[in-house]
Amino acid sequence: MKIGFILFLSIVIFPLVQDRPVPEPQGIFELSTFLISDVTIGLGIAFITRLIFSAVQIAGTVVDFQMGFGVVNVLDPQTDTQVSVTAQFHNIIAILIFLAIDAHHFIIQAIVESFFIINPAEINFASITPKYMLYLFSATFTTAVKIAAPIMAILFFLSVGLGLVARTVPQMNVFIVGFPLQIGVGLLMVGLSISFFSILVQQQMYELPGKFMGFLRAL
């Protein structure tokens with residue numbers, strides 16, 4: 001299916017870029033360089049997009065840990081790994097938002113623009129500096145914190161309140177009361193924060209074209 005989709009996408013894009021002059025490789029070494037350049041461009045675009053979903057999953061994992069769902073995992077069919085329940089829920093919502101706002105068009109546009117911005121013979125791998133990678137990762141964790149912060153704040157104050165109750169009413173078994181209470185409040189906050197979550201994820205996705213262009217021009 002993936003091969004068929006790639007072939008279809010290539011057929012669709014070809015008329016748009018067929019007039020673009022492409023340098024002919026003079027040997028197997030130059031051909032290998034061109035192939036590596038194209039693979040690097042594709043991996044970079046995919047990696048930048050994937051960081052949004054990574055931020056969503058990080059936020060969901062942190063929230064689940066605070067709720068007591070840290071050991072409750074489900075299978076993520078995308079990565080074939082175990083992820084937390086809220087992380088998978090957030091990931092599904094993010095995918096639906098991604099398709100609803102046609103964010104996949106940003107990826108196709110970036111692929112087309114790459115033929116006009118980058119010459120495969122002149123790509124500069126040294127431009128992918130640690131500073132640029134740090135910028136991408138810091139933006140990912142910033143997004144994760146923004147997503148998880150409202151829920152984490154409520155759960156934190158709930159834990160403080162339960163601690164005060166445990167000190168003032170020693171006869172009450174706080175563990176029996178607190179565990180289901182944290183789960184209930186956590187799930188309630190996850191539901192209430194969906195609108196905020198959607199707005200934040202949309203903002204990050206609408207920033208993708210700028211990030212793509214920055215990456216392509218850096219090369």
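The values are calculated or read from the model by the stated rules, or taken from the named source; none is laboratory data. Predicted model only: the values in this text are computed from it and were never measured. Cβ placement follows ideal geometry from the backbone for every residue including glycine, while neighbour counts extend to all protein chains displayed.
With respect to T81, determine if the residue is among the hydroxyl-bearing types (S, T, Y), closer than 21 Å to T140 by Cα and either surrounded by 13 or more Cβ atoms within 10 Å (Cβ to Cβ) or touching a residue at least 12 places away in the same chain (Cβ under 8 Å) (or both). Break it down stepwise before answering.
Numbers: among the hydroxyl-bearing types (S, T, Y): yes; closer than 21 Å to T140 by Cα: yes; either surrounded by 13 or more Cβ atoms within 10 Å (Cβ to Cβ) or touching a residue at least 12 places away in the same chain (Cβ under 8 Å) (or both): no.
Spelling it out, it is not the case that T81 is among the hydroxyl-bearing types (S, T, Y), closer than 21 Å to T140 by Cα and either surrounded by 13 or more Cβ atoms within 10 Å (Cβ to Cβ) or touching a residue at least 12 places away in the same chain (Cβ under 8 Å) (or both).
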Considering only segment 144-155, state which residues are touching a residue at least 12 places away in the same chain (Cβ under 8 Å) and surrounded by fewer than 15 Cβ atoms within 10 Å (Cβ to Cβ).
V145
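Residue check: is G184 surrounded by fewer than 13 Cβ atoms within 10 Å (Cβ to Cβ), under 15 Å from A46 (Cα atoms) and at pLDDT 85 or above?
no
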Just to be sure, is I154 of a type in the set (V, I, T) and more than 19 Å from A55 (Cβ to Cβ)?
yes
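Taking segment 184-200 only, how many residues are without any contact (Cβ under 8 Å) to a residue 12 or more places away in the chain and farther than 15 Å from N91 by Cα?
Going residue by residue through segment 184-200, those that are without any contact (Cβ under 8 Å) to a residue 12 or more places away in the chain are 184, 188, 191-192, 195, 199.
If we keep only those that are farther than 15 Å from N91 by Cα as well, we get 184, 188, 192.
The total comes to 3.
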Just to be sure I understand, how many residues within segment 168-181 are farther than 25 Å from S84 by Cα and loosely packed, with under 13 Cβ neighbours inside 10 Å?
5
Taking into account only those residues within segment 88-141 that are exposed (fewer than 14 other Cβ atoms within 10 Å of the Cβ) and charged (D, E, K, R), which is modelled with the lowest pLDDT?
E122
Among (1) buried (at least 16 other Cβ atoms within 10 Å of the Cβ); (2) among the β-branched types (V, I, T); (3) farther than 20 Å from F53 by Cβ, there is one condition V165 misses while meeting the rest; what is its number?
(1)
Of V12, V62, which residue is over 18 Å from I108 (Cβ atoms) and either assigned to a helix (DSSP H, G or I) or modelled with pLDDT under 80 (or both)?
V62
Would you check which residues across segment 72-116 are among the small types (G, A, S) and in contact with a Gly (Cβ under 7 Å, 6 or more places away or on another chain) and list them?
S84, A87
Looking at (1) farther than 27 Å from F14 by Cα; (2) among the aromatic types (F, W, Y); (3) surrounded by fewer than 19 Cβ atoms within 10 Å (Cβ to Cβ), which is the only condition F69 fails?
(3)
